[in-house]
1. Within segment 61-86, which residues are open to solvent by less than 50 Å² (accessible area, probe 1.4 Å), in a helix (DSSP H, G or I) and not small (Gly, Ala, Ser)?
2. Of the conditions (1) part of a helix (DSSP H, G or I); (2) open to solvent by less than 70 Å² (accessible area, probe 1.4 Å); (3) among the hydroxyl-bearing types (Ser, Thr, Tyr), SER98 satisfies every one except a single condition; which number is it?
3. For segment 1-46, which fully contained helices (runs of 4 or more DSSP H) count at least 1 residues that are open to solvent by less than 80 Å² (accessible area, probe 1.4 Å) and in contact (Cβ under 8 Å) with a residue 12 or more places away in the chain?
4. Taking segment 47-57, which residues are under 27 Å from LEU7 (Cα atoms) and either open to solvent by less than 70 Å² (accessible area, probe 1.4 Å) or in contact with a His (Cβ under 6 Å, 6 or more places away or on another chain) (or both)?
5. Within segment 74-92, is there a residue that is at pLDDT 95 or above and hydroxyl-bearing (Ser, Thr, Tyr)?
Amino acid sequence: MSVLKWLKQDSLILGIILGTIIPVPFALLFASLLRLIQYNLHFLGRVRDADILLLGIAINLVVMRFYFVKFKFENTGKGILILTVIMILLFFFFLKSSNFAFPF
């Protein structure tokens, strides 16, 4: 089964898997861009790394809308939505006031 065919199915498990995998590369991308801006332009010095994680989690909402509107896959969208809400709640309970820092 090809990857594109696997991504075009209506499954709650697929939504949970996508909701888990997608924020990681985007959070790393946003953190790298933040570091470049902070070091080269001396701008955005007060932005914390924990806030960048929240921005990476927000990408799930774009993917969720894509599955709801374009493909009309409700179960996949629900899986992404459930995991996104759980991740946002965990963020506000554990990371909002922490000094989390990326190693780079």
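1. VAL63, MET64, TYR67, THR76, ILE80, LEU83, THR84
2. Result: SER98 fails condition (1) only.
3. Values: elements: 3-7, 12-21, 23-41.
It comes to 12-21, 23-41.
4. From segment 47-57, those under 27 Å from LEU7 (Cα atoms) are 52-57; that's our starting set.
Selection gives ILE52, LEU53, LEU54, GLY56, ILE57.
5. Yes - at least one qualifying residue is present in segment 74-92.
The values are calculated or read from the model by the stated rules, or taken from the named source; none is laboratory data. This one's a predicted model, so the numbers in the text were calculated from it and none came from an experiment. FYI the Cβ positions are ideal-geometry reconstructions off the backbone, even for glycines, and counts take in every protein chain you see. Heavy atoms of the whole protein, side chains included, go into the accessibility calculation; ligands, DNA and RNA do not. Shrake-Rupley method; radii C 1.70, N 1.55, O 1.52, S 1.80 Å.
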